[in-house]
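Written out below as structure tokens is the structure these notes cover.
The values are calculated or read from the model by the stated rules, or taken from the named source; none is laboratory data. Keep in mind that this is a model prediction, so the values were computed, not measured. Here the Cβ is made from the backbone with ideal geometry for all residues, glycine too, and neighbour counts use every protein chain on show.
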Amino acid sequence: MTSIGRDIEMQARFKIGDQVRISDRREERHHRVPAYVKGHVGTIERVCKPQGQPELLSLGESGEPVKTVYRVHLEQTQLWRDYRGAECDTLEIEIFEHWLESI
């Protein structure tokens with residue numbers, strides 16, 4: 001890991017291995033959180049580089065302040081009530097920090 005990567009992880013609100021809930025709030029404007037993951041609990045898999053907020057960028061604004069993005073690991077059997085795939089099937093999705101809640 002580079003020193004930049006270590007700095008990003010040290011400044012992040014969540015750490016690899018933390019359990020988080022993806023916020024279930026309604027957002028009428030553009031955002032990058034699919035409805036099927038809202039309200040579900042997952043585990044932080046990776047801390048990614050901070051990015052401009054899509055809700056602001058879509059309005060032509062700067063997207064600042066930038067927010068850390070996290071790769072969140074979710075179990076398919078938790079996402080879909082009638083999931084018939086393998087029990088070990090998972091989904092990893094990148095979610096902005098302001099959409100994640102501590103549990």
Checked GLY85, GLY63 against criteria (at positive phi and either in a loop (DSSP other than H, G, I, E, B) or free of Cβ contacts under 8 Å to residues at least 24 places away in the same chain (or both)); the one match is GLY63
Residue hits (region 44-60; farther than 11 Å from HIS31 by Cβ and either at pLDDT below 90 or not in a strand (DSSP E or B) (or both)) are GLY52, LEU59, GLY60
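Yes/no per residue for (1) surrounded by 13 or more Cβ atoms within 10 Å (Cβ to Cβ); (2) of a type in the set (Lys, Arg):
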{"site": "LYS15", "(1), (2)": "no, yes"}
{"site": "ARG26", "(1), (2)": "no, yes"}
{"site": "HIS31", "(1), (2)": "yes, no"}
{"site": "VAL37", "(1), (2)": "yes, no"}
{"site": "LEU56", "(1), (2)": "yes, no"}
{"site": "GLU61", "(1), (2)": "no, no"}
Surrounded by fewer than 16 Cβ atoms within 10 Å (Cβ to Cβ), modelled with pLDDT of 95 or more and touching a Cys at 6+ places or on another chain (Cβ under 7 Å) - does that describe any residue in region 71-82?
no
Taking region 48-87 and the residues there that are touching a strand residue (DSSP E or B) at 6+ places or on another chain (Cβ under 7 Å) and of a type in the set (S, T, N, Q), the one that is farthest from VAL33 (Cα to Cα) would be GLN76
Of the residues in region 32-43, those that are assigned to a loop (DSSP other than H, G, I, E, B) and without any contact (Cβ under 8 Å) to a residue 40 or more places away in the chain come to LYS38, GLY39, HIS40
Note to self: Suppose the filter is assigned to a strand (DSSP E or B), among the β-branched types (Val, Ile, Thr) and in contact with a strand residue (DSSP E or B) (Cβ under 8 Å, 6 or more places away or on another chain); does ILE16 pass it?
What the structure shows: no
| message | Taking the conditions exactly as written (within 10 Å of the chain's Cα centre (by Cα) and either modelled with pLDDT of 95 or more or surrounded by fewer than 15 Cβ atoms within 10 Å (Cβ to Cβ) (or both)), does THR90 satisfy them or not? | response | no
